[in-house]
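These notes concern the structure reproduced below.
The values are calculated or read from the model by the stated rules, or taken from the named source; none is laboratory data. Since this is a predicted model, take the numbers as computed values, not measurements. We place every Cβ from the backbone using ideal geometry, glycine too, and count neighbours over all the protein chains shown.
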Amino acid sequence: MDPAAPAGKLRGELTEFVGRRAELARVRDVLGGARLVTLTGPGGIGKTRLAMQVAAGAARAFRDGAWLAELGGLRDPGLLVGEVARSLGRSDRSSRWAVASLADYLQGRQALVVLDGCEHLADTCAVMADALLRACPELRILATSRHVLRVAGEATVAVGPMSVPAEGVCEPEELLGFEAVRLFAGRAAAVLPGFAVDAGNGAAVAGICRALDGIPLAVELAAVRLRSLSPDQILSRLDCRFRLLSGGGPACQPHHRTLRAALEWSYELLTEAEQAMWRRVSVFAGSFDLDAAEAVCAVGQVTLGQVADLVDALVAKSILLREGRGTARYRLLNTIGEFGLGRLRDRGNERVLRRRHWGWFAALAARQEAFGPGRAGWIVALDADHENLRAALEFSMSEPGEAAAGARMACDLWRYWETHGHLTEGRRVLAALLDRLDPAAPVRPRALWVAGFLAHCQGDIPAARALLEAGLSAAREAGDADAESWASSFLGWDLYYDGDPDRGYALAQTALRLHREADDPLGVVLALMQIGYIHLCAGEAQSAAAWFGECARICQSSGNIWYHAYARWGLGVVGLLRANNDDAAQLECAALRAMRHLDDQIGAVLCLDALAWIAAARNEAARAVTLAAAAEAGWAAIPAVLPAPLRAHHAAALARARKALPCAESRAAFAKGATMSQAESIAFALGESPRPTPRTDGTRAGKDPGRLTRREEDVAARVARGLSNSQIAAELVISARTVETHVQHIMDKRGCSTRAQIAAWSAARPPSSPPPGPGRGGGDDGGARK
């Protein structure tokens, strides 16, 4: 910074800077208010390139320019200040304390100094930065580090992965709206002139970017492989990513030459206990919470009391990413997790940790709170840990001698799989476990009836009957009254629908008797519902009312909110048959509110259909047509069909309502219902205030039509990262249906018609708050026995 020297010195970049518009705006904004800004994130995430781009853009705002000090190759902390001085064009020959000398040099100068790669010298960097900032009021420092420096006044910006397309997005124009795809395309064109993302390679390119988590370093190294491999070949070999991605060139920093080197760089900077924690948390799939980490990882030399501190340390050092605004959850990027798992396998302790992981999530499944007041929390927990549940079941299927334990866990998830649309998954898991089960295994009768139930829910009646008949036979042979009662109940349903109503009714009565003898309130209410439904379909309103009424009373006393909602649905239809339309409407609305709270899509659509019948009976023709159309759309979206015995009610109500309306009004009412989301149709059915209608300019009426709520901001940011609705739901601990509603709200407010447009808008705007992403946060790998 001598007067004759150029104002600033930054490294020239040889490749184009891609994307990161939101991050650039965020860092510039933070740098305007803080004198020390640290960009944090794991190796290869793009901290350096982002810092360089910010510095290049900000250089003109500093009278003495912007300067870069690259610290990655420095190992001796004692040489740090001298290295920074040399980076500033200063040769310090003074015998004074180096920091004091450098502070004297910088006093009165208005400059931005970029300290790149501070993590391995964090303590020394912190001392130096603190001293310089105190002595030099016009100095600002932009640092990059795997973890925060912990200096007073430090502001941090977590740098996350680039946005990646969700599954199913493969149109070239839409793909190029995602940063990781643009990065891949740009780097690929540099090594393979003429390369472009097109219809032929788009799906493979998208798959590569997803598999590599949008980590810029990984994406760049993958693109380099186009010298010798096609995108499809690269994608098929990503299971060997550490061997494959070995490029980078001799001019790169050593820890950036390969993806493994970048990760080893981070790993070797940790304490032994932190390394152990990295290895152990790699057994988690998706995200996990602190309770799970304590249950799984506290073994051997890592004690229960250490886990929270170690998790915090890994968050601070950007190994773990913190998610969620409520209860904190943590996750490893896939690439980082695979590295940790490889280290765990090298030590021969993977099986111990996998077994502990299985134990924790089997206990979560076994809580069995699907029907009571704790159902919502149980479902949220299962949704958040769905990937972990899958991993635990996979362990049961692959580990010798664990099939029976896996089958018990799978059976505990029967209602979760049914209500959340994981029927095929549940059937496949149970089929695989049944193949492995000993014929005499005590869990076998239960596994058979659960598998039959899931087949029944999918409408695969032949398979359901075969499994349920086998389950009933196995239960009787084993003297398992509990399995016999459930198999009888569900087999009774199938026989009723499949042309043998008398035997079906008899089995329902058998199930009710066995459940009563076992004092099983859940089984009792299910059997009561079943018998009431049979009488309802037969038009026997008085008998149906008695069965449904008993079911409702037991549910109310036992806290079974789920079947209480179904009992009220049944009583509402009974009221319609008795021409008590007002009472029927009240019962159906109460049931619908409960179904919405329970996030039960099938139950909600049953209520919508019933309310359409009631509206027709009350001569509310337009309302009836709209509700009937909304119900039809709801069944198609699940997908499922209205049970055959009830279809006559739907057809009669729709015909009556249409006859009462002019053709144009009927078509308009039907179109209105057919285009509603389920959330909109429920609100309409309940008479709740409709959402504001979109303006022609794509915004909504109101005080601030385009402004998103905080939750919508969260969802939009995750859409921009390329996450699916289910992935967003898991991160935010809400239902996928709620995410869908938020996405629709965002589209309406912003005038968007696709997720890609949401992503582009989110990336382009300066964020009003820090985007979701990472937050803050010895020895062996659990060789002790379980």
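Descriptive notes on the structure:
- Identity of the residue in region 359-374, modelled with pLDDT under 90 and surrounded by fewer than 22 Cβ atoms within 10 Å (Cβ to Cβ), that ends up nearest to C551 (Cα to Cα): G372
- Candidates in region 456-477 are the residues that are touching an Asp or Glu at 6+ places or on another chain (Cβ under 9 Å) and hydrophobic (A, V, I, L, M, F, W, C); of these, the one that is surrounded by the fewest Cβ atoms within 10 Å (Cβ to Cβ) is I461.
- Hits in region 102-128 - residues which are under 39 Å from the mean Cα position of the chain (by Cα) and part of a helix (DSSP H, G or I): E119, H120, L121, A122, D123, T124, C125, A126
- Exactly one residue among G168, G200 is farther than 24 Å from Q727 by Cβ and out of contact with any helix residue (DSSP H, G or I) (no Cβ under 7 Å at 6 or more places or on another chain), and that residue is G200.
- Qualifying residue in region 43-66 (condition: crowded, with 21+ Cβ neighbours inside 10 Å and at pLDDT below 85): yes
- Contact annotation: no residue pair with Cβ atoms under 8 Å, 6 or more positions apart or on different chains, pairs a residue in region 452-470 that is in the same structural domain as E484 (by TED's automatic domain parsing) with a partner that is outside any helix (DSSP H, G or I) and among the charged types (D, E, K, R).
- Among residues of region 507-522, those that are under 24 Å from L642 (Cα atoms) and either outside the structural domain of N580 (by TED's automatic domain parsing) or in contact with a Leu (Cβ under 9 Å, 6 or more places away or on another chain) (or both), counted: 1
- Positions within region 175-205 being of a type in the set (D, E, K, R) and modelled with pLDDT under 90, in sequence order: R187
- Residues satisfying the stated conditions in region 495-540, i.e. surrounded by 16 or more Cβ atoms within 10 Å (Cβ to Cβ), out of contact with any His (no Cβ under 7 Å at 6 or more places or on another chain) and small (G, A, S): G504, A508, A511, G532
- Boolean, E688 is acidic (D, E), modelled with pLDDT of 65 or more and assigned to a helix (DSSP H, G or I): no
- L142 being farther than 19 Å from L321 by Cα and either at pLDDT 95 or above or assigned to a loop (DSSP other than H, G, I, E, B) (or both): yes
- Subset of region 194-219 [in a helix (DSSP H, G or I) and under 12 Å from L176 (Cβ atoms)]: G202, V205, A206, C209
- When residues of region 213-232 are limited to those that are of a type in the set (A, V, I, L, M) and out of contact with any Leu (no Cβ under 7 Å at 6 or more places or on another chain), the one surrounded by the most Cβ atoms within 10 Å (Cβ to Cβ): A223
- If you check L149, L115, L132 for being surrounded by 21 or more Cβ atoms within 10 Å (Cβ to Cβ) and more than 24 Å from E23 (Cβ to Cβ), only one passes: L132.
- Enumeration of residues in region 443-469 that are over 16 Å from L423 (Cβ atoms), part of a helix (DSSP H, G or I) and in contact with a Lys or Arg (Cβ under 9 Å, 6 or more places away or on another chain): P445, R446
- Filtering region 135-146 to residues that are closer than 17 Å to A69 by Cα and either over 37 Å from the mean Cα position of the chain (by Cα) or surrounded by fewer than 21 Cβ atoms within 10 Å (Cβ to Cβ) (or both) leaves L139, R140.
- Whichever residue in region 623-642 is among the small types (G, A, S) and surrounded by fewer than 18 Cβ atoms within 10 Å (Cβ to Cβ) and, among such residues, is nearest to A655 (Cα to Cα): A636
Condition check ((1) more than 14 Å from G523 (Cα to Cα); (2) at pLDDT 95 or above) across all residues:
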| site | (1), (2) |
| --- | --- |
| A455 | yes, no |
| G471 | yes, yes |
| R476 | yes, yes |
| W486 | no, yes |
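- Pairs where the first residue, in region 607-624, is under 12 Å from A579 (Cα atoms) and assigned by TED's automatic domain parsing to the domain that holds G575 and the second is of a type in the set (S, T, N, Q) and surrounded by fewer than 24 Cβ atoms within 10 Å (Cβ to Cβ), C-beta under 7 Å, 6+ apart: I614/N581; A617/N581; R618/N581
- Within region 695-740, restricting attention to residues that are farther than 26 Å from C170 by Cβ and polar (S, T, N, Q), the residue that is modelled with the lowest pLDDT is T696.
- So G377, is it at pLDDT below 90 and touching a Gly at 6+ places or on another chain (Cβ under 6 Å): no
- If the condition is being among the charged types (D, E, K, R), outside any loop (DSSP other than H, G, I, E, B) and more than 8 Å from G19 (Cβ to Cβ), then region 159-184 contributes E173, E174.
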